[in-house]
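Right, one structure below, let's go through it.
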Amino acid sequence: MKLVDIEKVKDNFLQEIEKEKSLEKKKKICKKYIEEELSSVFSLLKNASAKEKAELGRVANELRGIILKTQEEMKEKAKEKDDWFDVTLPGNKIEVGTLHPLTDLRRRCESIFLKMGFVVADGPELENEWYNFDALNFRPDHPVREMQDTLFVKQKERGSLESKNKFLMRTHTSPVQVRYMEKRKPPFRVIVPGRVFRNEATDSSHEINFYQLEGLMVGEGVSIANFKSVIGYFLGELFNAEVKLRLRPSYFPFTEPSFEVDVSCSICKMKGCSVCQQTGWIEIMGAGMVHPNVLESAKVDSEKYSGFAFGCGLDRIAMIENKINDIRLFYGGDLRFLKQF
Amino acid sequence: MKFSYNFLQSFFKEKLPSPEELGEILMMHFFEVEEVKKIEEDYVLDIDILSNRAGDCFSHTGVAREIAAITGMKFEEPEVKIKEKGEDIAERIEVDVRSACKRYMLRAVDNVTVKSSPIYIQKRLRACGVNPINNIVDAANYVMLETGQPLHVFDADKIEGEKISVRYARKREKIVTLDEKRHELNDNILLIADELSPLGIAGIKGGIVPEIDKETKRVYIESANFDSVTIRRGSNDLKIRTDASLRFEHGLSTEFTKIALDRVVQLITEVAGGDLLKGVIDYYPEKEKEKEINFDIDELRKVLGTEISIKEVEKILRALDFKIQRGGSKFFVTVPFFRVDVSIKEDVFEEIGRIYGYENIKPIVPEKEIVPAEENIDLFIANECKDILKNTGLNEAYSYSFINEEASLYFKKDELIEMEKPVSLEFKYLRPSLLLNLFKFLAENEKNYSHASLFEIGSIFKRKEGVFFEEKVISVVLLGDDFYRAKGVVDVFLKNITGETAIYKKKDGVSLLDYNKTADVVINNVVVGVIGEICPKLKKHMKIKGSVFGVELSFEKIKSFYKETKTYEEILRFPPVLRDLAVLVPEKTEYEEVLKKMTKEGGSLLRRIELFDTYEGKEIPQGTKSFAFRLIFQSKSKTLSSEEVNKTQEKIIETLEATPEWKVRK
């Protein structure tokens, strides 16, 4: 028995294992080497001289170690194979709640404006006529005050009451402009998200209550150019795209000048689609420079300060963004809808 | 409002831009053009003229002037020359204006020939949605479309007496209008009448009596300026809206009264022949004043945020018919009579801004003043509330702010706020609670789900002693769960928002909830809300099968307990000692009562009490139940000995058993 012989057994073993693909056969190889080769090595070892014994014994033990370890590995592998399981079976159902899509949108809008130093304010939904109309420069005989569009509260001898005592459901979030300003000193940067009301029949694009986001920035020398910058940033962040703005003349009693703001359609990249009605533009908000009469109503010096205000419908933006085709889904409480957000 | 492209072209020698281009230009500098449509050899532009410009732009002249100002093209109004002949109108008729009329003018033309209008007039009328009738009526309508001033024509021979008056109708007075419809009038409605009967509803619609027909030879032409509110109310009362009433409702300059009258008599004599009588009746008690506005160009530049030149400003204002005097940077402008909407410098700035073009103003980032933004604590807390409720697995819903008549039966009538004229009875009252609409949502959802849990944070509205109140509340509703799941939601919610543990006190008589299964939610002796099962009557009415629970908490009260920072409580190093204890009590004993007694006696060593079982059944006497508690004793400063724990436990048992019918089973 020589050292080379043992080395040869080792090489043979490793080669055989290497060549063999089947796990079962590899296990058989291990068994064969343990039962036949190893025992013959060790029995031959007995005949070796004491001097050789130490060296040969060490190598033989090393060989045994290698074979046993390989056998162990094969067993582990076989076991792993038996532990097969289906990763494609469905996971456990873990229920989490959801926030309303309009809550999500409000929060996104709020966080964009917060970055520009705007604060969030709110005011009552049940408002008096003075804040809703008078303070916002609606003439006493303005048709909107008689229009069926406004939801008035039934009050005895309504006609003889002063406008501060006549109640209605606010038709816009603009009354909060005045409520906010009259209690503070300029400059102002504020947004007002909130529920507003129209007395109109409901259909897929009209609701009796819906949400507006109002904004106001007042200071010395606040200009239309500033408006374009602030709103450009807001809409760019909101739609997460490079957007273009378009200001068109319009009319609101509480702003002068007044304009409608269109934003380039980020859905079709202005190529024309159903959302922008093939025009490439989406009408997104009404805006303008705060009318001096409104500043005066709120006890702000209109000679010293100027500012812009704007208002946009949150429902419509959420409908565009989430591809919702019926505004009534927002107020229907249907879990099949709510659970999607 | 519809405008004829050919009609607009008639004010210009130069060719107008194509109808589509014109639409684009108007949209960017004037108002939105909703549609451009080809009709015969004309185009119709449907322009959304907003109410502030009704006074001058419910007319082709007004829109043509805008086109001239925007494009720089030369614009010419038709030249008006009239020739009078024969007797003076004043010898024939007298006008008595009693109310609601700022100016009233009348002219007469004799010997007209009633026939069809020239084709160009008929086409332009049709393009604007007006039906041609005959040359006299068409001329009046044509001049209205041209100038914006409504006009009316009468057959002079059908008028009784020698006096025309402008007066309010008498109660129950009646009139048959030109469309042969009969109307009963009221004393808000202004009339034009002869000495016998009404001739027409002033500013709204003519009567059939003095109608122009083929035999008509002598006509009176009325041009007047009626009070806008009177016309609007009358038109609403009678539910008649006409081209005339629309224009009067918005108000227009009294200068138009004369301009349009001159123009129409010229057109009538042109298309129907006849002789224009001398003179004119002109009731005009108060002449309109010219408006003057001063501003500095720096103010304008500050508002626009752009360095517009003096030359540019002058060019724009002149094109819009403003008269200008200037001293350096100071402008003194006179507003043209037809611009009833312009009265302050900001109005002038808008004129300059829109013609200059908002697209020519470059965005400028506002200079940021260092003003620390105040935090909106309400919003912050509301957001946190929503997040916690969401994290407990609830779905946020938004419900209507209104309830219907039927639902109102569940509330006290005098606490409800009623709407004046809601579009549907579904919206008759403001919601005095969120629960009702949320229960309705559960009923709907039960078609698809056996379990559902919703929450909403919103305003509710109540009337107390005639005063209106609006209050924010937080509501939760559950379907298919029991009372204790609802309570669990409230507990975890309050723990997170207020850091407090609420106690629940049974109460009765809350709207919408079951008389026997309702409790107040109490923090530190303050009732912050209610929790309970839906009342059986409402549940039946809503056809809900599963169990339904509701919670409504006052936002203000929750806010008052809001804790932003939480205080760390030291983790105890010494081992706890556990003892189990079963208490046998009469079945109608509240858990809270048992708990209180143990807590009080346990002192500071008794760290926690956990209820791990409640038993009612065969093994214990009828009419009793057993609470199984685990008591956890732990000290901050040492390892507790058995003796110490035993002593406290004994004291607890003693106290419990001191209550009649209570027994401790060890």
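Please treat every number below as a calculation from the coordinates, not as lab data. All values derive from a computational prediction rather than experimental measurement. In this analysis, Cβ positions are derived from the backbone assuming ideal geometry, glycine residues included, and neighbour counts consider all displayed protein chains.
You can think of it this way: the chain between A:Asp149 and A:Asp203 has 17.9 nm of extra reach, that is 0.36 nm per residue less the Cα-Cα gap. Sorted on the mean count of surrounding Cβ atoms within 10 Å across their residues, most packed first, peptides B:42-49, B:196-203, A:107-114 read B:196-203, B:42-49, A:107-114.
Residues in segment B:10-15 carry Karplus couplings, in order, of 5, 8, 10, 7, 5, 6 Hz; the curve used is 6.51 cos²θ - 1.76 cosθ + 1.60 with θ = phi - 60°, and Gly or Pro positions show x.
As a proxy for reagent exposure, B:Tyr615, B:Tyr168, B:Tyr358 were ordered by neighbouring Cβ count within 10 angstrom, fewest first; the result is B:Tyr615, B:Tyr168, B:Tyr358. Could you list the residues of segment B:498-535 with an amide nitrogen less than 20 Å from a label point located 7 Å from the Cα of B:Asp414 in the Cα-to-C-beta direction? B:509-512, by backbone N distance to the label point. Where only DSSP H runs of four or more residues are counted, chain B gives -9000 deg cm²/dmol as its mean residue ellipticity at 222 nm, each run worth -39500 (n - 2.57). With a Cα cut-off of under 30 Å and a minimum spacing of 8 residues unless on different chains, the lysine pairs in segment A:98-202 number 11. Look at where the Cα atoms of segment B:1-32 and of segment B:218-254 average out, and the two centres are 27 Å apart.
For segment B:131-146, the Karplus equation 6.51 cos²θ - 1.76 cosθ + 1.60, evaluated at θ = phi - 60°, returns couplings of 7, x, 10, 8, 4, 6, 4, 4, 4, 4, 5, 4, 5, 5, 5, 6 Hz by residue, with Gly and Pro reported as x. Dipole size of the protein assembly as shown about its Cα centre, with +1 on Lys/Arg Cβ and -1 on Asp/Glu Cβ: approximately 3480 debye, rounded to the nearest 20.
For peptide B:18-27, the mean count of partner chain Cβ atoms within 10 Å of a residue's Cβ comes to 1. Considering only beta bridges that DSSP places wholly inside the protein assembly as shown, some 95 percent are antiparallel. Peptide B:355-361 has a mean of 4 when you count, residue by residue, the C-beta atoms of other protein chains within 10 Å of its C-beta. In order along segment B:561-573, phi translates into HN-Hα couplings of 9, 4, 10, 7, 9, 9, 8, 6, 9, 4, 7, 6, 8 Hz, rounded to whole numbers, per the Karplus curve 6.51 cos²θ - 1.76 cosθ + 1.60 with θ = phi - 60° and x for Gly and Pro.
For peptide A:238-250, what's the mean number of Cβ atoms from other chains within 10 Å of each residue's Cβ?
Mean shielding count: 4.
Helix A:50-82 and the longest principal axis of the Cα set of chain A meet at an angle near 40°.
Contact order for segment B:153-202, expressed relative to its length and based on alpha carbon pairs under 8 Å spaced 6+ residues apart, stands at 38 percent. Along the charge dipole of chain A, which of A:Leu68, A:Gly333, A:Leu44 sits closest to the positive end, that is, farthest toward it, with unit charges on the beta carbon of Lys, Arg, Asp and Glu (+1, +1, -1, -1)? Result: A:Leu44, furthest along the dipole toward the positive end. The calculated P(r) of the protein assembly as shown, using every Cα pair and 20 Å bins from 0, goes 10, 29, 26, 17, 10, 5, 2, 0, 0 in percent.
Extension gain, B:Glu286 to B:Glu40, is 84.0 nm, computed as 0.36 nm per intervening residue step minus the present C-alpha separation. With both labels modelled 7 Å from their Cα along Cα-to-Cβ, the B:Glu643 to A:Glu162 distance reads 8.0 nm. Helix B:435-445 and the longest principal axis of the C-alpha atoms of chain B enclose an angle of approximately 90°.
Here's the picture: charge each Lys and Arg Cβ at +1 and each Asp and Glu Cβ at -1 in segment B:570-666, and of B:Leu578, B:Ser637, B:Ile653 the one pushed furthest to the positive end of that dipole is B:Ser637. Within a straight-line Cα-Cα reach of under 30 Å, B:Lys181 can be paired with the following lysines, leaving aside sequence neighbours fewer than 8 residues apart in one chain: B:Lys2, B:Lys102, B:Lys115, B:Lys123, B:Lys158, B:Lys163, B:Lys171, B:Lys205, B:Lys214, B:Lys217, B:Lys239, B:Lys421.
Taking every alpha-carbon pair under 8 Å whose residues sit at least 6 apart, chain B reaches a relative contact order of 9 percent.
The lysines whose alpha-carbon is closer than 18 Å to the alpha-carbon of A:Lys339, local same-chain residues fewer than 8 away aside, are A:Lys93, A:Lys323, B:Lys386, B:Lys390, B:Lys440, B:Lys447.
Relative to the longest principal axis of the C-alpha atoms of chain A, give the angle of the C-alpha long axis of helix A:3-19, reported between 0 and 90° and rounded to the nearest 10°. With both axes taken from Cα atoms, the answer is about 40 degrees.
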